[in-house]
Each structure stands twice: as C-alpha cells, then as structure tokens.
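J.: Quick one: the structure is below, and I'll ask about it shortly.
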There are 2 protein chains.
Amino acid sequence: MKKIILYLFLFCTLISYGQKKEILNIVNGSVQLTTTLQSDGSFLYAVMYKGKPVIEESALGFVLAKPAITLNQFSINQIDSSFVNETWQPVWGEENTIHNKYKQVVIHLTDAGTKTYLVNMVFRVFDDGVGFRFEFPKQNSLNYFIVQDELTHFKMSGDHKAFWIPGDFDTNEYAYNTTKLSEIDALAASNKEKDIAVVALIGPNAVQTPLMMKSDNGLYINIHEAALLNYPAMHLNFNKENLTFSSVLVPDAVGNKAYLQTPFTSPWRTIIVSDKATEILSSKLILNLNEPSSIKNTDFIKPQKFIGMWWEMHTGKANWFKRDGKHGANTQNVKKYIDFAAKHKFDGVLVEGWNTGWEEWFGNWKEEVFDFVTPYDDYDINELTNYAKDKGVKIIMHHETSGSAIDYERKLDTAYDFMLNHNMNTVKTGYVGKIIPRGEHHDGQWMVNHYTRVAEKTAKYKIMLDAHESVHPTGLHRTYPNWMANEAARGTEFNNAPTLGIAPDHNTILPFTRLMGGPMDYTPGLFHFQLNQFDATRKQKVLSTLAKQLALYITMYSPIQMAADLPENYEKYLDAFQFIKDVPVNWSVTKIIEAEPGDFVTIARKSKNNRDWFVGSITDENARSLHLKLNFLDKDKKYKAIIYRDGLNADYNFNPTSYIIDQKLVNINSVLTIPIAKGGGCAMSIYEIQ
Amino acid sequence: MKKIILYLFLFCTLISYGQKKEILNIVNGSVQLTTTLQSDGSFLYAVMYKGKPVIEESALGFVLAKPAITLNQFSINQIDSSFVNETWQPVWGEENTIHNKYKQVVIHLTDAGTKTYLVNMVFRVFDDGVGFRFEFPKQNSLNYFIVQDELTHFKMSGDHKAFWIPGDFDTNEYAYNTTKLSEIDALAASNKEKDIAVVALIGPNAVQTPLMMKSDNGLYINIHEAALLNYPAMHLNFNKENLTFSSVLVPDAVGNKAYLQTPFTSPWRTIIVSDKATEILSSKLILNLNEPSSIKNTDFIKPQKFIGMWWEMHTGKANWFKRDGKHGANTQNVKKYIDFAAKHKFDGVLVEGWNTGWEEWFGNWKEEVFDFVTPYDDYDINELTNYAKDKGVKIIMHHETSGSAIDYERKLDTAYDFMLNHNMNTVKTGYVGKIIPRGEHHDGQWMVNHYTRVAEKTAKYKIMLDAHESVHPTGLHRTYPNWMANEAARGTEFNNAPTLGIAPDHNTILPFTRLMGGPMDYTPGLFHFQLNQFDATRKQKVLSTLAKQLALYITMYSPIQMAADLPENYEKYLDAFQFIKDVPVNWSVTKIIEAEPGDFVTIARKSKNNRDWFVGSITDENARSLHLKLNFLDKDKKYKAIIYRDGLNADYNFNPTSYIIDQKLVNINSVLTIPIAKGGGCAMSIYEIQ
C-alpha cells in the first residue's frame, strides 16, 4: 500500500461574511463540496458536479434522547484538512488494486445552544463524490448517549428519475420502482408485494438506500452509506414540497435509534455522482470509506462457486422439512449433488434443510427453533462429510435462524465447532421472520451489531460468511473480507414468487442500487424457465433468457457464486453450462463498458489468474444490439472468444432457452456486434491463445 | 418417596341445576373449593376455610393476541379427579421430609364461542389452600399462541389488612406497606422510594405477590404463584369497588405477555389460608406444586455460609471499581477475607468487584459491560485461587450483568469454564439496571426463561446459583436445587439506603411474603449499626439490635447464608459472632413457634446432622417478651442452651449493640421467658449434652 497524506489547507477556502456565515469550499476534480455555517448556527452542505447542483444546501444535525438535546446549531472551533492518495489491494474483488484519493476536512463544532457538546463533521471529497460522517469525540460532558434522530438531509436539485424500493425496517427484498421523485408511493409499491416474509413499512414517502437517481440534466446520483457499524441503517424520507430527503434511522424495541459512547464515529453518508452511468458502477468510494481488513491471516478466504440443495425446495420438488416425505437433504440426494459438483469442478455444495427444526420454523416468532448441530435422521452427516472430502468438494453449511438472532448468538461457538469438525468452512446464514429480540428489526442497531459479531466470530473460526435477509451492505467486506456476500435484496428465489417475480429490468438496476454496497449472493444460473416442472399448478416464469442467466455471473459481481438450478436442468444444456464452469469469481481488472440503470449493463472482467477476459451484457425487456469494442484486451495478444448469446428468436417471455454459442478469434482491435433479445443477454469467455 | 394416587370421584360432587349452572365441590380438611360454570359460560371458582369465605366467586379466562380470541365462556367436556398422598425428601431445606397431600380435579373445557379451543383448568386442594393452573392441551386448532392477558381473579371477602409492595415489572426491592386493601396506594408508596435502580410501576392499585393478608375474622391469606416457568410473573391489580384482584402479566418489549405452544401448562396460582399465622409459614403448598428435581446427581449441592468483599463497598470503605484508588477486591484485601473465613470455618468468600467493567457498569443501558473472565490488574486470581485452596475456602464468583442478560447468555460457557478452572462452584448473579434485550423487564417471560436457563446451565457445570435482582421465586428450588437462593426483595444492603432503609418490621413481614416462594440471600449479620464508619456524612442506621441480626439466621431460612459485616466489626464481638459460626444452614425439622406478620416471628429448627436445635425470635419496633416452651426437644435428652439476647437497655434506635449471652441447661419441659427489645431479637443454640 502506498499512502500519501498531506496536511494542507491549500485546497479549501474559508470565506467569512462578517457575522453572517462562514463558507468552506473543497474541490476535487469535477466534484465541489461547499459547507456553510449560517448566522443562526445551522450547518449546511452542498455538492456540485461540473458546476451542476447535486445536493443543494442541506442541513445536518442530531436529536439525542439522552441527554435530551437537539444539536442543530453550532459554532466552528477549528478546521483540519488533509489529502490522501493511496492504493491498496483487496483480498478478493473486481480489481487487483484500488485507488483511494480524497481531500478531507474535519470541521470541529460546538453546540451553539448549550456551548457544551462537541461534534465534528468530517467530509471526504473524492473525484466521484462525497462521503461525510459525524464524530462525537471524547469529551467531558458527553460519554454515553442515545440517538433519537439523525438530522441528515439531501436536498435534490430537481424531480429526478429514481430507482427505489419502499423504506422498510425489516426487508429489502422489494421489486424496484422507477418513477420521478415526486411519484414515489411506497404504500402502493408495498401493496403489490405478497411474497415477502416480514414487512415493516416506514411510510408513503420513504425509500431505501442505495438510492439511484438520474437528473434531467444528465447526472447520475447515488445516495447510500458506508461502514455501517454499531448504528442502525439509514433509510430516506422524501419531502415532495422541497425535494429533500431526510434520514430515517431504524428504531429499536423501545423507539430509540442508537446507544452510543464517545468517542463515536457514525457511518459515512455517501453521494456518488457522475455524468456517466458507468462511473457509478466503477466507483470505489464506498469501499474506500471502509477500514482495511481487520483479519490478519486471510489465507482461508477463497472465492468460490457452488451448487446446492435449494432450488429443489423453491420449485416444489423437495422440502426443507421431513413431514411430507419430500425431504430434499437426504444422504442419497446430497451425494448426487456432490457427484455433480465434483464432476463439474464446483468448490461447494450448499445443503439446506439438513438439520431439524424446519417442521415449524417460520411465522411463530419462536425463540428456539434450530440447534444448528442436529441433522435429520435421513441425513448421514459423517458419511457425507467423508464422501465430500473424497470427492474434493466442500459442503456449505446453512444456518437458518428463523429470525431468532438471539438464539443463534447463544450457539455460535457450538455451531462453528460443529462445522470445523465436519470439514466445512463456508456458512450461509438466514434471518427469515420477525427478529428476536422481539421488537428489534433486521436493520436496527442491534441486528447491525449481530451481523458484525457473526462476521467477527466466523473469521475467528476461519469460516467464510454469506448472510441472507441481512441489512443492506455498506462495503464492510473490505474490513471483514471473510464476509463474502449478502442477499439483502430480491434474488433469484423471487422468480418463484407468485405475484411479482423478477422483472426483466431488475438486474439492470441492482448494480446501481444494492450492489453499490457489496457483493450479492443473487444465485443466478436458472436454465429452466417455466416453473411448473414439479408442480403443474405453478404459473410463475423466470423472465430471462438462458444467455442472460450466464451474463449475470459477470454483471452481478460476487466472490461466491451459485449455479442455482438443478443438476438435471444443467445436464440438458451442458454446452451453455460450460460458461458457468469456466467463469472466475475473482478478478484483476474490471471495465464497465456501458450501462444505464433500468436498461442495460455490459461489463468486462479480467481473470485474477491469467490474461483471460469474461464479458457479460444484459438488457431489460427491450431487445438491443451490443456493439463491443475489445480494446480492453492486451496489445499484441491473440484470443479465442466463446460467445454465448441469445438465439435469433429468443425472448424472455416466449423462447428463453434459445441460445447460440459462437467461437471467434479476436484481438484488441476487434469489434463485436451481437443482438440481445428482449430480457436477454450475452456472455463471453475470451481466452488468450498462447 | 411414597406416593399414593387414587383416581376416584368420591371426594367431589357435581351438581347440575338444569340449564343454569354446574357446581363442583372439593373438600380437603378445612379447605373447600367450589367451581361453577354459569349458564352464560363463565367459569368461577371460590375458596372457603372452615366455612369462612377466602376467595369469593371469581372468574377465570384468557385473552389471546394470536389467535385473537377471548376465552372466558366455556362448556365442560369432562372432569377427571385424583388424590395424591406422598412424601418426598428435598436435597436441602427446612425439613427432611415433605408431605404432599391433595385432591385434584381437571376440568376439561371447550371455548363456548368458537367451540374450537380446549383449555383445562386444574385445581389441587390441599389442607392449607388451593393451587390452580391452566392447561392448553395439544389440539388441532391451537399450536403456537400469544397471550395478551390472563383473566384470573381473586375476589376478597372483605377489606383485609394487607402487607404489600407496589406492583412493578422490574423491581421487588420496595419497602413493605401495611394497610387495608382499600388503602392500597402504590404510587404514593413508590414515590417514597429513592434508592431503587430501575422502576417500572404498574399503577396505583397494583401490588406484587406473594401478597399476605389478614381478614377481620381471623384468616391469614397468602396469594402467590408456583413453578413460574416460560411465562411472565403475575402481579395483581386491585379493584376497590368489588374488592377483586385481577392478574397483571408482565409485558414484553412489544406488549405481548407470553409466546407459547401447546401443550402448555401455566404456573400455578396459589392461595394459602389458615386461621393460624404459623401455618402460613410452615406451608409446603408452593414447593409441592413444583416438579421434582431435574438434576440427577445432586452431590455437588452443599448448603454453605460465606463472608464477602461486599459490605465494604456499601459502607464507603471500598469500591467495586478501581478509578478512585479504593478498589476493594485487591489481592491483599481478599487474602484477609480468606484468612478470616478459614479461621472461622466459613465455606466461602464472595468477591465483588474482581473483574473489569465496573468503571461504567450501571445506568447506561450498555450491552457489553463485563466479560466475566478478566480480573482487575490488582487482583491476582491465580494466586488467590491457590491461596483459598490451601486454606480450605472457596471463592464465590460474582457475575454482575448490569442488566444485560443478553450478553451474559453469550458468555455463560466461557464464564463457567473460567469458574471451574479457578476452583469455584458458587456464583452470585446480578441484574442491576434496565434489561437488555431492551424493552424486556426483569419479571417478563424472556427474563423468567433467562433465569431458568442460567439455573440449568450452572447445574450442567455443577455450580450453585444465587441470583440477585431476579423475579420473585416460586418454589423452583425443588426442581433446580442448585438454585440455592435469590435476592428478589429488599435485603440488608437497603440498611444503607439514604431514604427508607429497612424498617424494624420488615423481617417480620418477609417470611409471609417474599420467603413464601423460596430462600432469600438476605445477607444478615450486621454488627455495626451507625453507618458513618468510613464516611462521616452518612446518617443511615441499621434499625435492628445485634441480637436480632443473629436471630435472622433462623427466621430467614436460606441454604446459603452470608455473614455480611466486615471482619473487623465481627472481631469486636467475637462472643456474639460465635452464633453465626455455629448456626447450620440445613435442617431436619422446623417448628414455627409463633408468628404474626408485621409483629414477630419465632422459629426453632433442628440441625440436619444431629439433635441440636437453634431458635430465632424477632420483633418489630415494639419490645415484647418471648415465652418459649422447649417442648420440641427430644424426650429424655439434656441440652445446653446458649442464649443470645438483647441487653436490658438494648434498643434498635439508641443502643443496638447491647446484648447478653446466657447459658442454661434445658430439656423438653423447659420454658424460657426472654425480653426482646424494640427492634430486637433473640437467638439460641441448644446443644444436646451427650
């Protein structure tokens, strides 16, 4: 890591207008941050991009419940500034090296009312946006304190187009809505949903972050948070009269938001902005705002691909529980999965429903459902442990908690000891149901701390973590690189949801929203599209072409990728399946070729291990033509491209399994033109010819 | 254990009055229970004692939150009856053998509204009262359910004199109030208190159980509960218009009362009645309603006496924390306690403040305060472990949780492993502060389950448990005999409370209230009465004579008894201290000689090991004369009585340390007349002369 920190005051200007106000400007490339202390003590900030307003003057502050005080009028004590220009190497990811370059100012404030409480506002200005957070430094008159509300505002400069899901304390599995900001209607959006386990809607104008917007004057704006630790998640409530978002923190069981002690630093509030959509996707701002890895020895962390005993349950072929005689996770069946994984060189086999408790697991707000160590009697764990080991495959553990995080915490050590004793080092956790401790929410401070505790505890056991039904990710995979992925959005399973399903534009929005915070265990790779395979009454369809399912392995980055469909469905299309077998899960370089939220995404990635490149391109419900310049390839090298593309009559609705596999010799000068069907996509493996 | 169970229908009569109502009478000795199913479906019960009404016709029922239904109208399906007459031996206690004799009826009811839900009402009629509970049997239409309210009523037959403390979800450490039922004013009573850490008052007419009453016509009536498992504690709200108590269950964080699954049996609601106050104290009804020991090998459970690093903190000599340089639990100081314990043959030394966390332990609703394994750096735990072992003394562990039960549960195994590794097998737990999970209460279902989990986990580690700030005990020491004692009332520490202190009648009320549920770690034995010993500004006094402090070891039964005062205070009165050294903590026979709640208590107990007897007698603020017939002694045996009594001018207020020690030869025919001072007492050791 190279790091240059300059403590300068050169890059910002503080202008005082007599008693009236003090204004500080910080510019980094196209981004300009302005902070203002008004004569009434209110503290405002604003963000511009190439002279266009991104965030208009917006107030910052806090309401504390204990001590009971509102902190929204301040005086400035001191301003510190610094400059950082460094690079660092992630343990895994989309790039070998990440550049972190920002200008920072720390504005030391005192509460103007009591002249007692100290709050620092910290701004980092990157060339693709701004991050800011609050610091409550160690101080004599404030030690423990309770947050009632955070008064962070984001005043928008216009009635932008927005890609949003309803604000909710318990779930982020909603379908995306694309409307003008003035047309946000979270109640109507929520009412359309019938297939989400637990809903705690905030209100008609509340939405979740990462929130993606596009302004009429061509700016792409993303609002989210980074390094969400020991604090509730931030949602946003929109005031349609003044076009201003205000922060909504997730409450705890008694309505408080956060229990804190000085010194405390809040999560970063992030504003990523560009006039190119591709630059939103390539932004490393959120990752850069997270702390470096807290894990010293990261050797145990290995990006991986897996298959699993999972889609059988969603399609009705099998069940998690045993009572109906369709128990999927029986020894014989799991052996078949292990055989398939070994044959096709997958690293892991996820097995859901292996342990007792599923008979009554959900909907009862029951505290002790699973013990995480007792297999069903038709699941011979010792035999399967040995079988998998012999075949060179790892079984992936599944810890569904049924929302009872409190009980999972009691049993973590026992559960992880059990995993190590059975040769497992990856766990998928789940939190379906209302949270216990009762009254807590999936996105509140207590659960945020729970997820972190689990990440830390799994790291201690050298276990990789994939958390489902968790809070929205905020780049913490930098700090906890064993925390490989989260669900935390509407994933493949919703293809099976009877009402809304997964719309064709869903995967073109996710990279701009959910994925801004970190990898998603989306579980792509469905090859069977009419979901009445095992239950003739089912009308659900996967609204995608087969080629698009392949492309998702590139457009939806994760270091842990599932091939979600059943082995028998892959065996029907082994030539297409070859792409899933070949595609890496760890990269040295990533190029966002083209992207428009809600419309299309094309990404090229270079394998971490060699000079091979892989490309994924997807579209929404509209067909389009991909014009791909291969100018990212190495000069003077020859490549063979294997192109998995939609067939001529392919269509997500009527003909999803029509695909064509082409082979071409290509080089840096090649340009490919590839038709992409409605709801379709294209995937490419581009191998260097030695 | 001898057990006779007869399934008969001889002892009860069911009378049907056409369509109107069905009446069932059960008589056992002086106690008569009548249950009535009214023509409108309401189910009533009533209790008489020797023809006098104890509980007038009172309704029973439930309100469920899920499914949302009120269960208060029923039809009878079936009535089962049985008769039990057995004896059993407790692991430790006041008696070698306990007699359990009752008539039981189980009335199988169906909800008359929906004709769907089954509820059984189970009544046990003893010769000293009645216990009843609700059973929700396994049934097709009810599996998981949530209780909103229990509709149990106790209609009193008059405006009795009552000994009560305010109903409160979080504390039972109030001073007692003695008023007519119509004069209950819980708000005024609570307002007098300034020294209780966490208060969650229910309302002006709410009181706690065990509730002791005396009727104008001479009946002593006690209402409480037995076997409180997986359910919130019951408090009572009094309706002054119809003289009826109704049950108030402690709510959880979201206002629900209990999360249950069929089959479920509620705790027993108990009514103990007699025309002799002594029979209330000798009642084993509550213990008999609890299940036998769940611990198979009880060899590790040993009644014990201990001293401790504790009163130093309450008196201001030392502190739990280190920051002020008065850290009590330092190696040198604790060695002095070990020396003193060894010299005077105490089993244990409690050490509070041994572990880090106390600097900021209380009042911050902080989740992670103590780790239970890290000693302060001036506490050499290995040296002290060896030192205590060499001296034949056990150090007693202290696990203050600061109310964060959730964090204690995470660390139980680590904490108990640590104890075993340091040769400790008794733990005092503490829950000072607002409970975490936040929104839960000390007396709610979640915490009730927590205390039980701790009892079970300590048993697994062969550790004895003494829980402070816990829910009121309900006889569970029969089922968990390692759960030796609880605080759960106003104990000795309140002598140091600046406002109310411990009134002279407090200890004459506790046996009729708090102690009905089980042993209390009251920590008697103060020998220094003006509490300005280390802090001249303190005006608090111990409102007791020294002789009374000795008598408490008999009148307040516990298998784990502390000698609470400082070694240096005992060394001033070693002749009186001899009684504390001699008094056993385990008994073969107990005789309640005389008692009147609020006035006096005299109890004689026979040692478990030999024919020696020990007597304790206490009074309230009034002097009295004890006339004690020693007719409980064995015939034809000679005894030497050592009598520790108040001096001639002794007075709890002005002259507490005046005492006289007499020796006398006595036998079964002896009658002693002993003056007892205001706020005074008398203790006797009566040794058989071989």
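The values are calculated or read from the model by the stated rules, or taken from the named source; none is laboratory data. Being a predicted model, the structure only gives us computed values, none of them experimental. Here the Cβ positions follow ideal geometry from the backbone for every residue, glycine too, while neighbour counts run over all protein chains shown. These area figures cover heavy atoms from the full protein model, side chains too; ligands, DNA and RNA do not enter into them. Shrake-Rupley method; radii C 1.70, N 1.55, O 1.52, S 1.80 Å.
J.: Please state the relative contact order of chain B as a whole percent: Cα pairs under 8 Å, 6+ residues apart?
T.: Values: 1892 pairs, mean separation 75.3, N = 690.
Relative contact order comes out at 11 percent.
J.: Mind giving me the nanometre distance, one decimal, between the label points for B:LEU420 and B:THR97, set 7 Å out from Cα along Cα→Cβ?
T.: About 3.7 nm, to one decimal.
J.: Using only the alpha-carbon atoms, how far is helix A:381-391 inclined from the longest principal axis of chain A? Give it as 0 to 90 degrees, nearest 10.
T.: Here the helix axis deviates by roughly 80 degrees.
J.: Taking a ≥ b ≥ c as the square roots of the Cα gyration tensor eigenvalues, with a/c under 1.5 meaning rounded and otherwise prolate when a/b beats b/c, else oblate, which class fits the stretch A:426-500?
T.: oblate
J.: Relative to 2.2 N^0.38 Å, what does the C-alpha radius of gyration of the protein assembly as shown come to as a ratio? Two decimals please.
T.: Ratio of Cα Rg to 2.2 N^0.38 Å: 1.06.
J.: With a point put 7 Å past each Cα toward its Cβ, work out how far A:ASN217 is from A:LYS345 in nm, to one decimal.
T.: That separation, rounded to one decimal, is 5.3 nm.
J.: Helix A:331-343 versus the longest principal axis of chain A: what angle, 0 to 90°, nearest 10, using Cα atoms?
T.: Roughly 80 degrees, rounded to the nearest 10.
J.: Another question, then. Starting from a label point 7 Å past Cα on the Cβ side, list the distances from A:GLU568 to the same position in the other copies, nm, shortest first.
T.: 8.5
J.: Hey, any idea what % of the stretch A:24-71's accessible area is carbon plus sulfur with a 1.4 Å probe? Walk me through the intermediate numbers first.
T.: Values: 840 of 1580 Å².
After summing per-atom areas, the C and S share lands at 53 percent.
J.: For a paramagnetic label modelled at 7 Å from the Cα of B:TYR144 toward its Cβ, which residues of the stretch A:400-415 fall within the zone defined by backbone nitrogen distances under 17 Å?
T.: From the stretch A:400-415, the list is A:400-408.
J.: Here is a further query. Given a Förster radius of 41 Å and the C-beta distance between A:SER82 and A:ARG611 as r, what FRET efficiency does 1/(1 + (r/R0)^6) yield to the nearest 0.05?
T.: Numbers: r = 38 Å, r/R0 = 0.94.
Rounded to the nearest 0.05, the efficiency is 0.60.
J.: Given the -39500 (n - 2.57) contribution per DSSP H run of 4+ residues, what per-residue ellipticity at 222 nm results for the protein assembly as shown, rounded to the nearest 500 deg cm²/dmol?
T.: The helix contribution divided over the protein assembly as shown gives -4500 deg cm²/dmol.
J.: Tell me the relative contact order for the stretch A:134-224 as a rounded percent, counting alpha carbon contacts under 8 Å between residues six or more apart.
T.: Result for the stretch A:134-224 is 29 percent.
J.: Another one. Is there a simple number for the mean count of other chain Cβ atoms within 10 Å of the Cβ of residues in B:407-417, and what is it?
T.: Per residue, the average neighbour count from other chains is 2.
J.: How much of the DSSP beta bridge set in the protein assembly as shown is antiparallel, as a percent to the nearest 5?
T.: Around 85 percent antiparallel, to the nearest 5.
J.: Take the solvent-accessible surface of the protein heavy atoms, probe 1.4 Å, and return the percent of it on the stretch B:577-690 that carbon and sulfur atoms account for.
T.: Ligands and nucleic acids excluded, carbon and sulfur reach 45 percent.
J.: Here's something else I'd like to know. Report, to the nearest 10°, how far helix A:445-460 tilts away from the longest principal axis of the Cα atoms in chain A, using its own Cα long axis and a range of 0 to 90°.
T.: 60
J.: Mind listing the label-point distances from B:SER30 to the same position on all other copies, shortest first, one decimal in nm, points 7 Å along Cα→Cβ?
T.: Here B:SER30 shows inter-copy label distances of 9.3 nm.
J.: Ignoring ligands, DNA and RNA, what accessible area per residue does the stretch B:324-440 give at 1.4 Å, in Å²?
T.: Values: 3990 Å² over 117 residues.
It amounts to 34 Å² per residue over the stretch B:324-440.
J.: Still on this structure, please answer the following. Which FRET efficiency value, to the nearest 0.05, is calculated for A:LYS50 and A:ARG538 with the Förster distance at 45 angstrom and r the Cβ-Cβ distance?
T.: Working: r = 50 Å, r/R0 = 1.12.
Approximately 0.35, to the nearest 0.05.
J.: Starting with the highest mean, order B:25-38, A:592-605 by the number of other Cβ atoms within 10 Å, averaged over the residues of each peptide.
T.: So the order, starting with the most tightly packed, is A:592-605, B:25-38.
J.: Can you give the average number of partner chain beta-carbon atoms within 10 Å of each beta-carbon in peptide B:253-263, as a whole number?
T.: Averaged over the peptide's residues, the number is 3.
J.: Among A:71-77, B:661-667, A:613-619, what's the highest-first ranking by average C-beta atoms within 10 angstrom per residue?
T.: Working: A:71-77: 18.0, B:661-667: 13.9, A:613-619: 28.3.
Answer by packing, highest mean first, reads A:613-619, A:71-77, B:661-667.
J.: Before I look further, what does the stretch B:507-652 give for accessible area per residue, probe 1.4 Å, in whole square angstrom? Please report the intermediate quantities before stating the final value.
T.: Working: 4480 Å² over 146 residues.
Accessible surface, normalised per residue, equals 31 Å².
J.: OK, next. How well do other chains shield peptide B:445-458, expressed as the mean number of their Cβ atoms within 10 Å of each residue Cβ? Write down the numbers at each step before the final one.
T.: Working: counts 2, 5, 0, 0, 2, 0, 0, 0, 1, 0, 0, 0, 1, 0.
Taking the mean over all residues of the peptide, I get 1.
J.: Suppose a student asked you for the relative contact order of the stretch B:486-615, using Cα pairs under 8 Å spaced at least 6 residues apart; what percent would you report? Write out the running numbers ahead of the final one.
T.: Numbers: 207 pairs, mean separation 31.2, N = 130.
Once normalised by length, the contact order is 24 percent.
J.: According to a simple spin-label model (label point 7 Å from Cα along Cα-to-Cβ), what is the distance in nm between B:ASP185 and A:THR116?
T.: Going from the A:THR116 label point to the B:ASP185 one covers 3.5 nm.
J.: On to the next question. Determine the sum of side-chain charges near A:TYR416: Lys and Arg each +1, Asp and Glu each -1, restricted to other residues whose C-beta is under 14 angstrom from that of A:TYR416. The partial results should precede the final answer.
T.: Working: positive: A:ARG410, A:LYS411, A:LYS428, A:ARG453, A:LYS457, A:LYS460, A:LYS462, B:ARG410; negative: A:ASP371, A:GLU409, A:ASP413, A:ASP417, A:GLU456, B:ASP413.
Net of charged neighbours comes to +2.
J.: Rounded to the nearest 0.05, what FRET efficiency is calculated for A:VAL106 and A:SER670 with R0 set to 45 Å and r the Cβ-Cβ distance?
T.: So the FRET efficiency works out to roughly 0.35.
J.: If you average 1/r across every pair of different Cα atoms in chain B and take the reciprocal, what Kirkwood value do you get, in Å?
T.: Computed over Cα pairs of chain B, the Kirkwood hydrodynamic radius comes out at 26.0 Å.
J.: Using a 1.4 Å probe, what is the accessible area per residue for the stretch B:43-87, in Å²?
T.: I get 37 Å² per residue for this part.
J.: Of B:ALA65, B:LEU229, A:LEU566, whose Cα points farthest to the positive end of the dipole of the protein assembly as shown (charges on the beta-carbon: +1 Lys, Arg; -1 Asp, Glu; origin at the Cα centre)?
T.: Value: A:LEU566.
J.: Moving on. So what J values fall out for the stretch A:613-626 if you push phi through Karplus, 6.51 cos²θ - 1.76 cosθ + 1.60 with θ = phi - 60°, rounded to Hz, Gly and Pro as x?
T.: After applying 6.51 cos²θ - 1.76 cosθ + 1.60, I find 10, 9, 10, x, 9, 10, 10, 8, 6, 9, 5, 7, 10, 8 Hz.
J.: Taking each label point as 7 Å beyond Cα in the direction of the beta carbon, state the distances from A:LYS345 to the same residue in the other copies, shortest first, in nm.
T.: Counterpart label points of A:LYS345 in the remaining copies fall at 8.0 nm.
J.: What shape does the stretch A:296-406 have by the C-alpha gyration tensor, where a ≥ b ≥ c are the square roots of the eigenvalues, rounded means a/c under 1.5, and otherwise prolate means a/b greater than b/c and oblate the rest?
T.: oblate
J.: Taking a probe of 1.4 Å and counting only protein heavy atoms, give the total accessible area buried between chains B and A in Å², rounded to the nearest 100.
T.: The summed interface area works out to 2100 Å².
J.: How much of the DSSP beta bridge set in chain B is antiparallel, as a percent to the nearest 5?
T.: Close to 85 percent.
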